[in-house]
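First the structure, in the form of structure tokens, and then the observations on it.
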Amino acid sequence: MFKHNNIKSPSEQVLFDVDGRGVATVTMNNPDKHNAFDDSIIFALSHLFHEIAKCHDIKVMILASTGKSFSAGADLGWMKRMASYSYEENLSDANALAHMLKNLNFLPQPTIAKVQGAAFGGAVGLASCCDIVLASEKASFCLSEVKLGLIPATISPYVVNAIGQKASRRYFQTAERFFADKAQQLGLVDEILPLEELSAAVEKMTTTLLANGPLAVRQAKQLALDVAYQDIDEALIAITSERIAAIRVSTEGQEGLTAFFEKRQPAWQAPLQQAAPQKTSLNKGEG
């Protein structure tokens, strides 16, 4: 039995499904509010990311949303409630958002953000936490917090990693809106497509990822996280040498090498045909 069969979304405003290839899609589903998120949506996203991370049969995760906007960031009603919170309550609230972002950033599976429209505030953090960001020509981005007398604190580690310190110093302070072409220049967006081609581009990228060894893909992602900004010293050389040696002798590594020399597809590519998504119950309160 697939482990992902037990994953349920705790909110009607966050949808979850997995197809027969092991491709999970997490969809923010609050289009009337431009997919702005509050504490309940943050909890649902965090829960799903946590559960997906434990499932070896999930090979790729797509983060998407319904409607015209990817996400407007924090919900105004939630922000109004937070304004009356004590420091301790605000700290607890911020910690929940911070841990949701951490769950997404360190998800062992490759992640694709499908950004069809506006991504403001915390939504820039969501995109920054994903490995690959595909955006439509209509996408726009804004780190808008200072307009409200706030700062983009919990998302800052991921945004700075994505666009660098220099650009962060500018956009954190100016709250300027910038568009997909600028986001690509900054490194936040990987590819820009016409809106009508965005879904096909996400599918193409998913297929590209699925063609690779699933264990190797996970380890390659972890490798990038582990070696970033490290001194190239004897310790790092030893660790990287150990990692390649270990995966060469692993079952997957042996199969990949053997398949290459035998000029055949490796076993993990055998059934790559798309299957219909497996429906999950989305009743509120399920978890």
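The values are calculated or read from the model by the stated rules, or taken from the named source; none is laboratory data. For clarity, every value in this text was computed on a predicted model and none was experimentally measured. Glycine gets a Cβ as well: all are built from the backbone with ideal geometry, and neighbour counts include every protein chain shown.
Observations
- Candidate set from segment 187-211 (those that are without any contact (Cβ under 8 Å) to a residue 12 or more places away in the chain and within 19 Å of the chain's Cα centre (by Cα)); member that is surrounded by the fewest Cβ atoms within 10 Å (Cβ to Cβ): A200
- If you filter segment 41-83 down to residues that are of a type in the set (S, T, N, Q) and within 15 Å of the chain's Cα centre (by Cα), you find that the one that is nearest to S199 (Cα to Cα) is S65.
- Among (1) part of a strand (DSSP E or B); (2) farther than 18 Å from W78 by Cβ - the single one A119 does not satisfy: (2)
- Only listed residue being closer than 18 Å to S69 by Cβ, in contact with a Pro (Cβ under 9 Å, 6 or more places away or on another chain) and part of a helix (DSSP H, G or I), chosen from V124, V159, V146: V124
- Y171 fulfils the conditions (1) modelled with pLDDT under 95; (2) surrounded by 15 or more Cβ atoms within 10 Å (Cβ to Cβ); (3) of a type in the set (S, T, Y) except for a single criterion, (1).
- Cross-chain or 6+ apart pairs with Cβ under 8 Å, segment 77-88 first and assigned by TED's automatic domain parsing to the domain that holds D32 and among the hydroxyl-bearing types (S, T, Y), then modelled with pLDDT of 90 or more and in a helix (DSSP H, G or I): Y85/D93
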